[in-house]
Amino acid sequence: MSSSRRGLLAASAVAAAGGALGGCALPAGAARSPGTPFQIESTTIPIAGSTQAFPVRRVYCIGRNYAAHAREMGSDPTREPPFFFQKPADAIQVVQPGTVADHPYPSLTKNYHYEVELVVALAKGGRNIPIASALDHVYGYSLGLDMTRRDLQREMGDQKKPWEIGKSFDHSAPVGPIHPVGQVGHFADGAIWLKVNGQTKQNATLKHMIWSVAEQISRLSQAFELMPGDIIYSGTPENVGPVVRGDLIEIHIDGLPNLSVRVV
C-alpha cells in the first residue's frame with residue numbers, strides 16, 4: 001500500500017474516531033472542526049531509505065536559471081533575472097529509481113518538451129530568509145522533469161496571457177524520492193543530463209546555474225512565505241526539446257539515482 005494511501009486511511013480512521021466520540025464534551029473554548037463532504041488525497045513523495053513520505057505543499061519552479069537556456073528561450077541572462085512560477089501539488093508523478101514509469105502524453109499539445117532539473121525539498125519555511133542561512137531550510141534533494149506543452153506556453157506568452165496551461169497540467173512534474181541532506185549533502189556542482197532513447201540531449205553541470213539553491217530560497221521567500229513541504233524545481237540547462245509517444249527519457253544528476261519515464 002502506498003504511503004499516501006496509508007495517510008488517507010489514517011485520516012479516515014481519525015475522522016471515524018471523532019464521530020464515535022461525538023457525545024463527549026469538548027474542552028472549554030474549543031470548537032469542532034467542520035466536516036467536509038468528501039476527502040482529498042494529499043500529495044507525498046517517498047523519502048529514500050525511510051518508510052516515511054515527504055508531504056508536498058507547493059511546487060515552485062524557477063525559469064531561465066541557466067544562461068544558455070535563457071538565450072535559447074530568447075532572453076538575455078545578463079539583464080533578465082530568473083523568475084518563478086508554480087505547478088499544483090497534484091502535478092507530481094513519483095518515479096521510482098530502477099523502473100521505467102509510464103508518462104502520459106498530455107492533451108491539446110503537438111510540441112511536448114522535456115526539462116531536467118534539480119529538485120529541492122524544504123523542511124522549514126519563513127519570509128526574507130538570508131542567503132547565509134537558506135540551506136538550513138532544506139530537507140533534501142531529488143531530480144525531476146518540468147514537462148512543458150511548449151506550443152501552448154508560447155501561444156499564451158505571445159498573447160500576454162498567463163501560461164499555466166503550458167506548465168501546470170496533470171503529471172507535469174515527474175520526480176524521484178527525496179534524499180535527505182544528511183545522506184547526500186548539498187548540491188552546488190556535478191553533472192546534470194538528459195537522454196532521449198539513449199541520445200544525450202541536455203548536458204551541463206549544476207555550477208552553471210545563475211542562482212544557487214541558497215539564492216533561490218532567499219529570493220522566493222521575498223515574494224512568498226515559504227513553508228515546510230514546499231519544493232523547488234531549480235531550472236533546466238539548454239537544449240530542451242520535444243518528445244513523442246514511445247520515447248524513453250532518462251535523467252541524471254551526480255549523487256542521485258537515475259530516473260526513467262516512457263511517454264505513452
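The values are calculated or read from the model by the stated rules, or taken from the named source; none is laboratory data. All figures in this text were calculated on a predicted structure; none of them were measured in a lab. Please note: Cβ atoms are built from the backbone with ideal geometry, for glycine as well, and neighbour counts cover all protein chains shown. To get the accessible areas, we keep the full protein, side chains included, count just its heavy atoms, and leave off ligands, DNA and RNA. Shrake-Rupley method; radii C 1.70, N 1.55, O 1.52, S 1.80 Å.
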* **Cross-chain or 6+ apart pairs with Cβ under 6 Å, the range 98-122 first and small (G, A, S), then assigned to a strand (DSSP E or B)** => A101/V261; A121/F54; A121/Y139; A121/G140; A121/I178; A121/I231
* To do: Determine whether the range 242-250 contains at least one residue that is within 21 Å of Y66 (Cα to Cα), within 16 Å of the chain's Cα centre (by Cα), modelled with pLDDT of 95 or more and not acidic (D, E).
  => no
* **Pairs, first open to solvent by 30 Å² or more (accessible area, probe 1.4 Å) in the range 140-159, second part of a helix (DSSP H, G or I) and small (G, A, S), C-beta under 7 Å, six or more apart** => M156/G166
* Asked: Given the conditions (1) more than 30 Å from I131 (Cα to Cα); (2) without any contact (Cβ under 8 Å) to a residue 24 or more places away in the chain, which single one is not true for G182?
  -> (1)
* To do: Pick out the one residue from Q216, Q222 that is surrounded by fewer than 15 Cβ atoms within 10 Å (Cβ to Cβ), in contact (Cβ under 8 Å) with a residue 40 or more places away in the chain and in a helix (DSSP H, G or I).
  => Q222
* **Enumeration of residues in the range 115-124 that are in contact with a Ser or Thr (Cβ under 8 Å, 6 or more places away or on another chain) and either in a loop (DSSP other than H, G, I, E, B) or closer than 24 Å to T200 by Cβ (or both)** => E115, V116, E117, L118, V119
* For G29, state whether it is modelled with pLDDT under 80, outside any helix (DSSP H, G or I) and not acidic (D, E). => yes
* Enumeration of residues in the range 233-247 that are under 13 Å from T200 (Cβ atoms) and either part of a strand (DSSP E or B) or out of contact with any Phe, Trp or Tyr (no Cβ under 9 Å at 6 or more places or on another chain) (or both) -> N239, G241
* Residue among P34, P46, P81, P88 that is open to solvent by less than 80 Å² (accessible area, probe 1.4 Å), at pLDDT below 95 and at negative phi -> P81
* Structure fact -> Of the candidates D102, D151, D136, D158, the one satisfying the condition of being more than 14 Å from the chain's Cα centre (by Cα), of a type in the set (D, E, K, R) and modelled with pLDDT under 95 is D158
